[in-house]
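Let me begin by presenting the structure, written as structure tokens, before commenting on it.
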Amino acid sequence: MLTACDGREPSTTTSTTGGWSEPTGRYEYSLQSACGERLVHGWVRLTVDRGEVINAVGLDEAGRATVAAAKVENLPTLKALLAEYEQAMRGGADKATVQFDPEDGHPTRIDIDAQRNAIDDEVCYFISDYRVG
């Protein structure tokens, strides 16, 4: 099992939300997308307000390229990432796992592989620095 950066054990579940629901106000999180062909590459810090991404900052070279190339409103909220996971589950993905923070329940990692032997269909999202307010 993976261990979170602070030493806590993340929970793994097939529940869509793990008991977490997207805040109605503002929240921020850092997202790393490290595999497959995705809109987001590298580390990006996202600010979400009332369910929409309103700001994005690239935290590394790939993240800065993502922010420069993408419209902010097309970058994913945590709710959108969970919807992508849920769609993979419904669609019979070869692998679809999600891990949640044991304290507040926000997603911390999402891994999807739609087809075992396909190339570049993998999804791996690492979510950190989640803050509400």
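The values are calculated or read from the model by the stated rules, or taken from the named source; none is laboratory data. These figures come from a predicted structure and were not determined experimentally. Please note: Cβ atoms are built from the backbone with ideal geometry, for glycine as well, and neighbour counts cover all protein chains shown.
Would you be able to tell me the number of residues in the stretch 34-49 that are more than 15 Å from Y125 (Cβ to Cβ) and at pLDDT below 95?
0
Check the stretch 89-108 and report whether any residue there is exposed (fewer than 13 other Cβ atoms within 10 Å of the Cβ), more than 13 Å from the chain's Cα centre (by Cα) and not in a loop (DSSP other than H, G, I, E, B). Give the derivation first.
Taking the stretch 89-108 and keeping what is exposed (fewer than 13 other Cβ atoms within 10 Å of the Cβ), we get 90-92, 103-104.
Okay, now just the ones that are also more than 13 Å from the chain's Cα centre (by Cα), so 90-92, 103-104.
So of that shortlist, the ones also not in a loop (DSSP other than H, G, I, E, B) come out as 90.
Within the stretch 89-108 (the criterion being exposed (fewer than 13 other Cβ atoms within 10 Å of the Cβ), more than 13 Å from the chain's Cα centre (by Cα) and not in a loop (DSSP other than H, G, I, E, B)), the answer is yes, since at least one residue qualifies.
Residue by residue through the stretch 11-32, note down the ones that are surrounded by 18 or more Cβ atoms within 10 Å (Cβ to Cβ) and either modelled with pLDDT under 90 or of a type in the set (D, E, K, R) (or both).
T17, G18, W20
Can Q32 be described as under 15 Å from the mean Cα position of the chain (by Cα) and touching a residue at least 60 places away in the same chain (Cβ under 8 Å)? Spell out the reasoning first.
Numbers: under 15 Å from the mean Cα position of the chain (by Cα): yes; touching a residue at least 60 places away in the same chain (Cβ under 8 Å): yes.
So Q32 passes the test.
Name the single residue that is modelled with the lowest pLDDT among those in the stretch 111-126 being assigned to a strand (DSSP E or B) and surrounded by fewer than 22 Cβ atoms within 10 Å (Cβ to Cβ).
Taking the stretch 111-126 first, the residues assigned to a strand (DSSP E or B) are 111-113, 122-126.
The next check asks that each one be surrounded by fewer than 22 Cβ atoms within 10 Å (Cβ to Cβ); those that pass are 111, 113, 122, 124, 126.
Details: D111: 91, D113: 86, E122: 82, C124: 91, F126: 96.
Only one residue tops the list, namely E122.
A62 - would you say it is of a type in the set (A, V, I, L, M) and either touching a residue at least 40 places away in the same chain (Cβ under 8 Å) or outside any helix (DSSP H, G or I) (or both)?
On the way: of a type in the set (A, V, I, L, M): yes; either touching a residue at least 40 places away in the same chain (Cβ under 8 Å) or outside any helix (DSSP H, G or I) (or both): no.
So A62 fails the test.
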